[in-house]
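The next block holds one structure in the form of structure tokens; read it before the comments.
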Amino acid sequence: MTGIQESGRSAEDARWPLLLGVRHHGPGSARAVRAALEAARPRTVLIEGPPEADPLIPLAAGRDMRPPVALLAHAVDEPGRSAFWPMAEFSPEWVALRWALEQGVPARFIDLPATHTLAWEGRAEAGDGPAAEEGSDAPGGTLRVDPLGALAEAAGYDDAERWWEDVVEHRGAGGRDPLAPFAAVEEAMTAVRETHEGAEGDRDLVREAHMRLQVRAAQREFGGDAVAVVCGAWHVPALRRKAAVADDRALLKGLAKVRAELTWVPWTHRRLARDGGYGAGIDSPGWYAHLFGAPDRPVERWLTKVAGLLRAEDRLVSPAHVIEAVRLAGTLAALRGRPLPGLSETTDAVRAVLGDGSDVPLALVRDRLVVGDVLGEVPSGAPAVPLQRDLDRAQRRLRLKPEAAEREVELDLRKDTDAGRSGLLHRLRLLGVEWGEPVASRGSTGTFRETWRLRWEPELSVRVAEAGVWGTTVRAAATARAEADAVCARDLAGITALAERCLAAALPDALSVVMRVLADRAALDTDVGRLARALPALVRSLRYGDVRGTDTGALAEVATGLAERIFVGLPPACTGLDADAADEMRGHVDAVHGAVGLLAETAAPRGSTDPPPSATDGPLARHGDLRARWRAVLRTLSGRDRVAGVVRGRAVRLLLDDGEVGQEEAARLMGLALSPGTPPGDAAAWIEGFVGGGSGGGLLLVHDERLLALVDGWLTGVSAEAFTDVLPLLRRTFSAYEPGVRRTLGELVRRGPGERADAVGPGAGAPGFAAGLDQERADAVLPVVRLLLGLGGTSDDTPDDPSAGTSDDNSAGTSDDNSAGTSAGTSDDNSAGTSDGNSDDSLAGVGR
Amino acid sequence: MSVSVDPTFVKPGQTQPAEALRPHAEHAFADELAVLAAQDDRPRPARWKLSPWAVATYLLGGTLPDGTAITPKYVGPRRIVEVAVSTLATDRALLLLGVPGTAKTWVSEHLAAAVSGDSTLLVQGTAGTPEEAIRYGWNYAQLLAHGPSRDALVPSPVMRAMGEGATVRVEELTRVPADVQDTLITILSEKTLPIPELGQEVQAVRGFNLIATANDRDRGVNELSSALRRRFNTVVLPLPASVDAEVDIVARRVDQIGRSLELPAVPHGVDEIRRVVTVFRELRDGITADGRTKLKSPSGTLSTAEAISVVTSGLALAAHFGDGVLRPGDLATGILGAVVRDPAADRVVWQEYLETVLRERDGWSDFYRACREVSA
């Protein structure tokens, strides 16, 4: 093992300036830094960080300043351009800062000023910010070799992080000489940098030149043996190197500049973790905080904490468990040749002993303890966050002043400024800054119009400050917030609502995350009802997005996926329902029907006008057959006996309205549903589904007397006791009709259904009309109807054409009974037919 | 005619018949164990034949300082073996969990062979395993003739292991009836086995330990009581980590089974096997292979072992009733049977998978059609 134990030096012959090379956010480094500062007692402490933050240092002493916090630098004119220097309680920089403040020793930041870093940032590609660089000790963005990796490899480790932990972070406080580790780190780094000569990035050289000049200045001011420097281990050899002042100055000449401002912002452990936003490059901040905070026996204390957490979650964990876990962790560490159990050993022990081998409790441990839910605090005296600044600019640009008085504004989304205003208000709402409240528009209800009630309350400024943790611009913050909300959302409806809000707020980045979450949730949701509720909102968003000109490819894909899942899940979900559940399901069938129609419609023109990118090509191309597949599902529903009557009736009706099932076929299916063998309640429910619920079913009965005759015939056949049972249901069905329709129906029934035996087809048979259709006069209406329906000149697919509507292809005849409908429903075959002979017995003496 | 013991009744672990169908681990890898023991200078727990480090090397494979190569016995995460060996070193009992085909028995046999040099102290767990198999039985002739005595006692493998300080294995612990399982509680916590009939007890010697294997996802198992569970460290053996590894395992096993069943040779097309494995993995993991779409998981285990049987029966179908080439149609029925265990819920899961995932996939249309045909 390559421990850093012996090094003949002691505090007396420390080399000045004292260069303390650390790993950023390493708890062991932090302890070592404190010990070294205590021992050497420098008269000034220089820290790697932006010098503009010097005036902010005193704030760190405040009692209401609680790490994790971050120094945030942002360009004044462009708040979106920003950089972070996160500091946790266990960061060596923070420890050094606090030590200096406690001892009354001046502390200074000596890195390249943020004014240059941010300007540099603008030129470099996004994602290579100082935040990323600060985090990983190896400045991977600018340097191709990984210095720690090289050292670890030399020591026989395959993982650099682990090597550093073993030799530095996990070293107990046993070493006698607090400066020895730093001397060893310096030696090692010098060797690495010699081997990798020339591998430093440009930016590194400039930064190091600046730091050297600062160190020199400090030495002149405080004396040669009074300066301590806390910086990344990588920089130590460069700072030790004697370089000509003129050369250093030359390197710093002519650097680009932007006006920068700095402030402290609260930070969280989650953000320190690698997988969150501006990662600081450590995946276990909670574990590090524990290592730093635990006075002794870190493993025992950690496992006790884990046991406490699991107990709080109702898992059976006894002290005996903890004992065994500690023993196992220790043995594992020995087996792996590590000086102390690390996070991986304790995790393995927790899994094997406390978690019954399962990864589920481990996920909890990782979330709550290894990462942890720690939120920092910043005193209110800290300068304003850039979010407020960005908001001011947006308000000026959009001429939307914050006023305490309440007023209403009407926005026309087709205008750029208004669209911008609407976007801003929606984003602020996402951030919990309720400046505007959407109200129902008077007059127009078009999707391009919005009405807002605005009122700026003083506490909204506080809200803006709070929202500062999410980002530096309103857009970025709203995006981050929406993404976080999506991940935490509990139900599908919540996520679809969020999707709508993201669209309204014009946040395409957040939308893609929301869609991914939505797709995942939809995939795992087993309740068709919830899926069916989510689909219409999603399709609505899709259309609304079109109005806004947002790219809705992802949305369409998710909506299609959702529809597919509903198609598969709906038939089994419609069986064995009680009356209430069946009614609800009928609502779902209606909603899905409408949504599928819209979805297919929305997709079609997009596909033809502008060819979509290949990624969205698949789903859009599939919209065409979406309707056909939905009809197949409806057929399945209509033919299955176990499906609730109201749903079956509804399915037949929808098929009839779509022209998918002809009147003949509908009459046959109705005859089946109303045949004497069917329980009267079920038959009444079928009628309710077929003609009830304000769907214009009354007119259908008026126009097709055959159907009316079927109902009439069935009703007269119902036994006296069953009649009282079905009466409420029928009353509900028929009372929803318009008075005129009810009267006409009554007259028709009174006259007797057999009277007009030749009345087949729509338009024929209503009183006051001729028996046949006057083709010439009917045709005269068509242009106007087309105009009204916006169908344009082409007329190949006009379902409204009366002649086309009735001439369904009902030729393929099967003479089986019930099963004909069922098999037709399950296959995709659209020309599933009927035969007159089959329905003869129920139609006898009525239709012909 | 020589009077010899029938070779199939050799006392386990004593002599090894040369023509045994499958030699014990300690015999098959005797050379490696000997080399490891010779070069092992690390501390060994009491009565261990090797140090924990050497045991881990024996299972995971590696090269010794003198250049001897140790073949890997277990191909999988290193962590698994390290935790297992450490568990045994802390004299905690080890419970290996996993679905069929994850090498539970294999790992336990090699662990016992490396730690105690003897993998034959074995209790086969079944629904009919009696208490005597774990504690002790009686030789009734002796018992009637001489009354209760140590001589009339027939020790179980567990009892012998306690006396010898060796490792005993219990296979399929969850198949053992719950009341019989519970006899292990005292043995594991007190490390003692009382014999009330004789007023005596057997105390475990240092080095005694127990490795149990169990299948946690099968139906109809006897769940371990929490009291017993508490006495084990649990290690879950994972399914093969990558598609390629799993395809490899399935293809190899299918070949072996095909030979032993003397099926007509059918070129089994790795592509079809890959499809089966992909379908199984995706449904098992609840996420598509590209990581983009989440899926519902059916109630079945969909283990590698099941994938093997699906492919084998597909081969049989193709050989006897098909055109001699493994086609999607030969596999579809088997897959449906493996996936749809619960007729209502699993069918929806399967159809959703068909419609939302397989239908879109490039080059899978024949497979999709075949599956759709049998699922309709």
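Brief remarks on what is shown
- Normalised by 2.2 N^0.38 Å, with N the number of residues, the alpha-carbon radius of gyration of the stretch B:188-321 equals 1.54.
- Amide H contacts of B:Gln200: B:Ile195, each under 5 Å away and 5 or more positions distant or on a separate chain (H built 1.01 Å from N in the peptide plane; Pro and chain starts excluded).
- Measuring between their Cα centroids, the stretch A:376-412 and the stretch A:622-689 lie 56 Å from each other.
- Cut-off 11 Å (backbone N to label point 7 Å along Cα→Cβ of B:Ala28), residues of the stretch B:109-133: B:109-110
- Pairs of Cα atoms nearer than 8 Å and 6+ residues apart set the relative contact order; for chain B it is 14 percent.
- Three semi-axes describe the equivalent ellipsoid of the stretch A:632-716; taken as square roots of 5 times the Cα gyration tensor eigenvalues and ordered largest first, they are 16, 16, 11 Å.
- Under 5 Å, built H, 5+ apart or other chain: amide partners of A:Ala70: A:Met87, A:Val265, A:Trp267
- In sequence order, calculated HN-Hα J values of the stretch A:728-733 (Karplus, 6.51, -1.76, 1.60; Hz; x Gly/Pro): x, 5, 5, 4, 4, 4
- In nm, spacing of pseudo-spin labels at A:Arg220 and A:Leu205 (7 Å Cα→C-beta vector): 2.5
- Per-residue 3J(HN,Hα) values for the stretch B:42-53, derived from phi via the Karplus relation 6.51 cos²θ - 1.76 cosθ + 1.60 with θ = phi - 60°, read 8, x, 10, x, 3, 6, 7, 6, 9, 6, x, 4 Hz in sequence order (x marks Gly and Pro).
- Sorting A:42-55, A:294-307 by their mean Cβ neighbour count within 10 Å, with the most densely packed peptide first, gives A:42-55, A:294-307.
- Chain lengthening between B:Gln256 and B:Asp285 when straightened (0.36 nm per residue, less Cα-Cα): 7.7 nm
- Two-site FRET efficiency, A:Asp54 against A:Thr190, from Cβ-Cβ distance with R₀ of 41 Å, rounded to 0.05: 0.90
- Protection proxy ranking, highest mean first, for peptides B:149-159, B:230-240, A:67-77: A:67-77, B:230-240, B:149-159, where packing is the per-residue count of other beta-carbon atoms within 10 Å, averaged.
- Cβ neighbours within 10 Å from other chains - mean over A:340-349: 2
- Within the stretch B:7-236, percent of DSSP bridges classed antiparallel, to nearest 5: 35
- The ranking of A:Ile57, B:Ile257, A:Ile110 from fewest to most other beta carbons within 10 Å of each one's beta carbon is B:Ile257, A:Ile57, A:Ile110.
- Inter-chain neighbour count for B:79-89: the average number of beta-carbon atoms from partner chains within 10 Å of each residue's beta-carbon is 6.
- C-alpha center-to-center spacing [the stretch B:39-70, the stretch A:295-371] in angstrom: 27
- The stretch between A:Ala384 and A:Ala61, if pulled fully straight at 0.36 nm per residue, gains 114.4 nm over its current Cα-Cα span.
- Reported to the nearest whole Å, the Cα centre-to-centre distance from the stretch A:38-102 to the stretch B:78-103 is 47.
- Summed over all non-identical Cα pairs, the Kirkwood treatment of chain B gives a radius of 23.4 Å.
- Nearest-0.05 FRET efficiency for A:Val749 and A:Arg315, computed from C-beta distance (R0 60 Å): 0.30
- Derived scalar couplings between HN and Hα for the stretch A:112-118 equal 4, x, 4, 4, 7, 4, 5 Hz in order, rounded to whole Hz, by the Karplus curve 6.51 cos²θ - 1.76 cosθ + 1.60 (θ = phi - 60°), x for Gly and Pro.
- Convex hull of Cα atoms in the stretch A:294-372, direction-averaged projection (nm²): 4.9
- Site pair A:Glu102 and A:Glu377 shows an inter-label distance of 2.0 nm when each label is modelled 7 Å from Cα along Cα→Cβ.
- Modelled this way, with points 7 Å down the Cα-to-C-beta line, the labels at A:Thr417 and A:Glu457 are 2.9 nm from one another.
- Average other protein chain Cβ within 10 Å of Cβ, residues B:50-56: 2
- Computed over the alpha-carbon pairs of the stretch A:386-475, the distance histogram in 5 Å steps reads 3, 14, 25, 27, 17, 10, 3, 1, 0 percent, short to long.
- Amide hydrogen neighbours beyond the local backbone of A:His25, cut-off 5 Å, H modeled: A:Glu93
No value in this document is a laboratory result; all are computed from the given coordinates. None of the values given here were measured: they were computed from a predicted structure. Neighbour counts run over all protein chains shown; Cβ positions are idealised from the backbone, glycine included.
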